[in-house]
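Step one of this worksheet: look at the structure below.
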């Protein structure tokens with residue numbers, strides 16, 4: 001009998017060094033040997049009634065044998081099991097992360113009829129939460145309620161925080177505080193503060209701060225560090241610093257938190273000061289310290305300090321093998337302008353992650369070395385490192401910066417292959433790349449394929465259309481956008497250039513009103529765009545009024561105003577603004593000098609322009625670029641100093657381009673110098689053999705000089721070479737919020753006959769008063785009558801006539817032309833302004849002409 005009992009006992013509990021399954025099979029075989037014995041069978045049956053299930057289940061749980069423990073739990077009579085037995089098995093399920101077994105135990109507890117108390121409830125909640133079933137764990141928690149164990153509350157609060165359901169964590173925290181007999185501990189507050197930071201709830205975090213002060217947890221380092229982090233993320237840097245100062249026993253995490261708080265809030269200098277104090281107090285730095293302080297060096301451009309930290313980290317701590325440290329180090333060197341050192345760090349890295357590659361790609365893209373950035377991207381692919389959205393956006397920015405359309409398209413193919421097109425940041429970067437490369441059709445396609453768009457998506461497209469000379473498309477998209485999003489300041493600064501490009505003053509006024517309603521008028525970008533819009537729409541008085549009202553002017557504001565006056569032929573006003581700008585402490589840049597030189601050129605201020613050119617070179621040490629030289633050539637050419645302009649070009653230290661020679665060719669036309677024009681045109685055709693505009697300009701010079709044979713030969717050459725002619729001239733006028741376009745040779749406008757009739761009356765009146773039409777501007781070899789008819793068909797005349805017919809008395813006629821106004825139309829516009837007592841503002845491709853009482857603001861320039 002004793003032998004049988006011993007054998008039965010050994011069959012149930014395996015030795016610790018044997019697996020339960022293999023031992024179980026051996027015992028089954030051993031039991032078969034006794035099966036034939038009636039004595040043993042009777043003994044086993046008698047023993048079955050005396051087994052201590054509780055002890056044996058507990059023993060199996062101690063040995064970690066969950067399978068056999070569960071088997072016994074199923075076999076055991078319900079009357080012999082207490083709740084603590086279930087707790088023991090649940091604990092083992094939790095440790096083994098066995099959710100299914102835990103659910104079985106929970107089912108057994110339900111079927112046993114036992115009342116689940118707080119202890120069992122706690123075990124069940126922990127089992128469900130640890131095994132990944134937070135929802136069921138919360139259900140069990142809510143069923144029992146009023147838990148006194150703070151650890152359990154903390155577990156649930158933390159689990160909700162992990163899945164970023166911060167609101168639920170806060171709700172539990174508030175419920176916990178209402179529960180009698182339970183008090184939050186230091187761990188509760190460290191977790192809850194992270195939740196308030198995640199929600200951006202400053203008031204909630206401050207309330208938690210007050211609560212922990214009452215309970216005396218402010219002296220705990222972990223709580224103090226969490227408070228610093230909370231106030232840092234809430235942009236309350238002074239409060240973070242105060243918490244740091246009041247900590248009695250700061251650890252390295254406290255110092256790191258404070259350094260990171262300053263650096264992440266744009267106070268890099270303060271971050272470096274804390275780091276210096278930390279070293280002075282001989283607090284041992286760790287990897288997190290280095291990763292926090294290196295971005296401060298990068299932001300401040302403190303290369304020497306960055307190098308010192310690099311040396312200290314390698315000698316004292318051997319951090320050079322840490323990927324995070326090397327990534328921060330590369331970023332620091334790259335942003336401090338030492339790309340060589342950044343490359344050296346990168347090449348010595350044993351392990352590189354996606355951040356490492358992205359940092360180097362971004363570094364080369366920032367330096368304008370986009371070819372190297374793209375090569376790195378290809379090398380990254382070759383090494384099997386999967387690019388993330390940040391990598392893709394960095395490469396796309398590199399392509400956009402250098403106009404590398406084909407490379408950008410290759411990246412687009414990779415995006416499709418990697419199924420990254422659904423990423424919002426990637427989609428926006430892709431559109432920006434296409435827009436900056438001038439491919440708006442591809443940009444629109446990428447925009448249309450986006451599953452989700454934000455305000456940046458719309459702004460990118462609107463700005464892209466504006467910058468690519470597609471203002472109508474920009475305005476159409478702006479109207480569609482307002483059905484889904486409210487425009488922001490960036491939207492306004494993107495749409496205003498489109499209004500300016502079209503001279504759509506009424507539309508521009510509507511956008512201005514919208515900026516006032518939405519409170520964007522104080523935005524300097526919006527204010528500068530408004531000034532530019534009004535100036536380019538001919539409303540110079542309004543542009544100056546806005547400029548004077550600006551509280552904070554920047555260099556762009558001054559430059560826009562200088563250019564605005566120059567565009568309207570008010571060179572002396574431009575000079576006054578330029579002088580005022582310098583007296584206000586602003587240092588002019590290359591763009592400012594382009595604006596002032598342009599103003600001098602269009603106002604005939606040759607001596608003043610030459611003086612500013614020398615000031616730029618000698619006083620401000622700005623090396624002139626092609627744009628500055630083009631302005632100077634234009635300055636001399638408009639004033640009739642063609643020989644001086646030609647010699648100026650020959651002495652240029654850089655190779656002149658077609659724009660520089662083109663300025664001189666325009667001067668040759670104005671002063672009818674055919675010989676020099678041929679000489680200049682020869683140089684231009686070498687540079688741009690397919691640019692139709694210069695061929696036409698030379699043909700016009702021949703036509704005005706009535707050298708019709710040369711005109712014929714030049715036109716034959718254009719046809720023989722297959723050079724495509726640019727679009728015909730057109731003019732437009734905005735009336736009653738609608739734009740009316742007049743194209744050369746088009747008679748389809750509803751009031752075409754009325755406008756032509758009005759122009760015929762003007763021509764007859766001019767003849768009566770002794771004004772003769774300058775037929776050389778007709779540019780055709782025909783009879784005088786045919787030339788007069790051709791001149792009447794110039795589009796700016798048609799648009800002006802339509803404006804006079806349709807606008808009420810006292811209303812200014814505002815017309816825009818896509819080409820330069822011809823001399824005949826200029827004279828007719830002067831006459832019409834006097835004849836109809838109308839102020840006419842004509843903007844051509846080059847400048848503004850204000851006609852009033854028979855005079856023009858350009859004064860012949």
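All of the numbers you see were taken from the coordinates with simple rules; none came from a lab. The structure presented is a predicted model; accordingly, all values stated were derived computationally and were not measured. Cβ atoms come from the backbone with ideal geometry, glycine included; neighbour counts cover every protein chain shown.
Some observations on this one:
- Per residue, the chain reaches -21000 deg cm²/dmol at 222 nm when only DSSP H runs of four or more residues are counted, each adding -39500 (n - 2.57).
- Ordered by the count of other Cβ atoms within 10 Å of each Cβ, fewest first, 207, 149 give 207, 149.
- By average C-beta atoms within 10 angstrom, highest first, the peptides 284-293, 618-627: 284-293, 618-627
- Relative contact order %, the chain, counting alpha carbon pairs below 8 Å whose residues are six or more apart: 4
- Model label zone, residue 54; criterion: amide N under 15 Å from point 7 Å along Cα-to-beta-carbon; scope region 86-130: 86-89
- Antiparallel %, DSSP beta bridges [both residues in the chain], to 5: 80
- Degrees separating the helix 658-670 axis from the principal Cα axis of the chain, which is the longest one: 30
- Mean-position separation - Cα centroids, region 442-461 and region 207-238, in angstrom: 42
- Cα centroid separation, region 652-708 to region 328-365 (Å): 50
- Seen against the Cα atoms of the chain and their longest principal axis, helix 323-335 is set at about 20 degrees.
- For the peptides 210-216, 798-804, 271-277, the ranking by packing is 798-804, 271-277, 210-216, with the highest mean count of neighbouring Cβ atoms within 10 Å listed first.
- Ranked by how many other Cβ atoms sit within 10 Å of their own Cβ, fewest first, the residues 499, 195, 858 fall in the order 858, 195, 499.
- Cβ-derived FRET efficiency at R0 41 Å, residue 470 paired with residue 163, nearest 0.05: 0.35
- Shape class for the chain: prolate, because the ratio a/c of the largest to smallest gyration tensor axis (alpha-carbon atoms, square roots of eigenvalues) is 1.5 or more and a/b beats b/c.
- The shape of region 191-271 comes out oblate: with a ≥ b ≥ c from the C-alpha gyration tensor, a/c is at least 1.5 while a/b does not beat b/c.
- Neighbour-count ranking [beta-carbon atoms within 10 angstrom, fewest first] of 394, 670: 670, 394
- Three-way shape call for region 69-144 based on the alpha-carbon gyration tensor, with the a/c threshold at 1.5: oblate
- Taking the C-alpha atoms only, the angle from helix 150-162 to the longest principal axis of the chain is near 30 degrees.
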